[in-house]
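Colleague: Once you've had a glance at the structure underneath, I'll fire off some questions.
The values are calculated or read from the model by the stated rules, or taken from the named source; none is laboratory data. The model shown is predicted, which means the values in this text are computed figures rather than measured ones. Here the Cβ positions follow ideal geometry from the backbone for every residue, glycine too, while neighbour counts run over all protein chains shown. These area figures cover heavy atoms from the full protein model, side chains too; ligands, DNA and RNA do not enter into them. Shrake-Rupley method; radii C 1.70, N 1.55, O 1.52, S 1.80 Å.
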Amino acid sequence: MFLCNKTVPSGWLYPTFILCIYGFFTFLRPSEPYLTPYLTGPEHNLTIKQATNAVFPVWTYSYLAILIPVFLLTDYLRYKPVIILQGLSYITTWVLLLFARGVPAMQGMEFSYGMVTATEIAYYSYIYSVVDSEHYQKVTSYCRSITLIGYTTAATLGQLLVSLAKISYFYLNVISLVAVSVAFLSSLFLPMPSKSMFFHTKAVEDPTQASSSETKLPNQQEIQSDVTTKTEIDHKESPNFFRVVLLLCKDIKVCYSSKELIYWSLWWALATAGYNQVINYIQVLWENVAPAQDANLYYGGVEAVSTFAGALAALLVGYVKVNWKVTGELALAIFSAVDAGSLFLMNYTTNIWACYAGYLIFKSCYVLLITIATFQIAINLSMERYALIFGINTFVALALQTIITVIVVDQRGLALGVRTQFLVYGSYFTVISVIFFVRSLYILISLRCKAPVDNKDSETNTQI
């Protein structure tokens, strides 16, 4: 109880250090790249059809059902209790994977993992409530980088243990359980924030501070709305839950009044829905191309390389000087087409190495584009609004993913084979590419049509 209510120490190093420990160990899961062969192996004896059509869809449904309540409760409870809940959910997931058997038990495992992913928002939001804004860029870099390091380390470790030490998948899951247990213990030492973004804010902003932020947020309506929201909530010691929800709805209306933000968010939702589907079922495809019993598996190595390549691509974006307002949506169209091509390659090839290469291209392109989209969405939004848009876009993506899962994957729907599924996913990304190619053409044509008008106006002014 003492640890749960521990106040925030002065400075930013302590909470950042503890949160980085938590982030590293939650992603140190060497068993994850081998989930499908583990479930279909001798320990669980599930069939590919059971895993694909009965077990894996539960994660999508539970993630969607839990996301919105968790999004609101995360802020209301001030992050730390939800991070602790995530740690417990991690432990529950791996205990079920290790010791439970049967389809219903594995569906329960997927539900628990849905809780894990739905509570990720607490991890990514917590640090902003305990450090000053001057450290935001630094701590964001640390907290996001450490998860990448943890995931890459886990995938590499899993590959080495499987290929060289011939460790069984069961013991990979034991290592994962130990890692997430360490993460849970570290979460108990996180300081308890005294504020949150919506329900527990600081005193009303000083008008001079609001005016100084005008250079960062060019839309005066956004500045006034931010101050109004904080003012209305802070005037109550215990803000009314429904009042806060109403204010959030007003903020959503303001945020989505920008056409550019709508289109970037549209790509985010559409592409993330497709990406989640591919990530969820890629091991099933690999198992179809090269069954685990007949070939050496390199799932961990592929995940490590694709994660590193995606991170490198995302890093390079920061050094590329491009007018994303003009060419951004063309980039979305081109790289979405590349994603579609890689999915078609994975669908039609019978060579596992070509399948691995297609996945590497697909994941790298998605990470590159989501980095650009995230930057474009966040550039003119306050931190509160960014968290809000992040939650809304994720919810829309999950709603789309649920529709795809129900129709394409679920045993109550078409229950398509994995090859046909990836043909559908390739077609899906083709549609996304066409949408944004048409949109980019419209932007370029509008700019070209606008230029002569501007020249004509300047000539008229000269004559006058």
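Colleague: Out of segment 348-363, which residues are open to solvent by 10 Å² or more (accessible area, probe 1.4 Å) and in a helix (DSSP H, G or I)?
Modeller: Passing the criteria: 348, 352, 353, 354, 356, 357, 360, 361, 363.
Colleague: Restricting to segment 265-306, count the residues that are out of contact with any helix residue (DSSP H, G or I) (no Cβ under 8 Å at 6 or more places or on another chain) and open to solvent by less than 10 Å² (accessible area, probe 1.4 Å).
Modeller: 0
Colleague: Restricting to segment 424-437, give me the number of residues that are surrounded by fewer than 18 Cβ atoms within 10 Å (Cβ to Cβ), farther than 14 Å from residue 335 by Cβ and touching a residue at least 24 places away in the same chain (Cβ under 8 Å).
Modeller: Filtering segment 424-437 down to residues surrounded by fewer than 18 Cβ atoms within 10 Å (Cβ to Cβ) leaves 427, 430-431, 434, 437.
If we keep only those that are farther than 14 Å from residue 335 by Cβ too, we end up with 427, 431.
Those left that are additionally touching a residue at least 24 places away in the same chain (Cβ under 8 Å): 427.
Residues in segment 424-437 being surrounded by fewer than 18 Cβ atoms within 10 Å (Cβ to Cβ), farther than 14 Å from residue 335 by Cβ and touching a residue at least 24 places away in the same chain (Cβ under 8 Å): 1 in total.
Colleague: Could you identify the single residue in 345, 330 that is open to solvent by 30 Å² or more (accessible area, probe 1.4 Å) and either closer than 16 Å to residue 426 by Cβ or not in a helix (DSSP H, G or I) (or both)?
Modeller: After ruling out the rest, the residue left standing is 345.
Colleague: In segment 303-327, which residues are within 20 Å of the chain's Cα centre (by Cα) and either on the phi > 0 side of the Ramachandran plot or modelled with pLDDT of 75 or more (or both)? Spell out how you get there, then give the answer.
Modeller: Initial filter on segment 303-327 (within 20 Å of the chain's Cα centre (by Cα)): 303-318.
If the condition is that a residue be within 20 Å of the chain's Cα centre (by Cα) and either on the phi > 0 side of the Ramachandran plot or modelled with pLDDT of 75 or more (or both), then 303, 304, 305, 306, 307, 308, 309, 310, 311, 312, 313, 316 are the ones that fit.
Colleague: Report yes if some residue within segment 102-115 is open to solvent by less than 60 Å² (accessible area, probe 1.4 Å), of a type outside the set (Lys, Arg), assigned to a helix (DSSP H, G or I) and touching a residue at least 60 places away in the same chain (Cβ under 8 Å); otherwise report no.
Modeller: yes
Colleague: How about segment 148-191: which of its residues are over 15 Å from residue 31 (Cβ atoms), outside any helix (DSSP H, G or I) and either within 24 Å of the chain's Cα centre (by Cα) or hydrophobic (A, V, I, L, M, F, W, C) (or both)?
Modeller: Matches in segment 148-191: 164, 188, 189, 190.
Colleague: Shifting gears a bit: Please work out which one of (1) open to solvent by less than 30 Å² (accessible area, probe 1.4 Å); (2) at pLDDT 90 or above is the condition residue 174 fails and give its number.
Modeller: (1)
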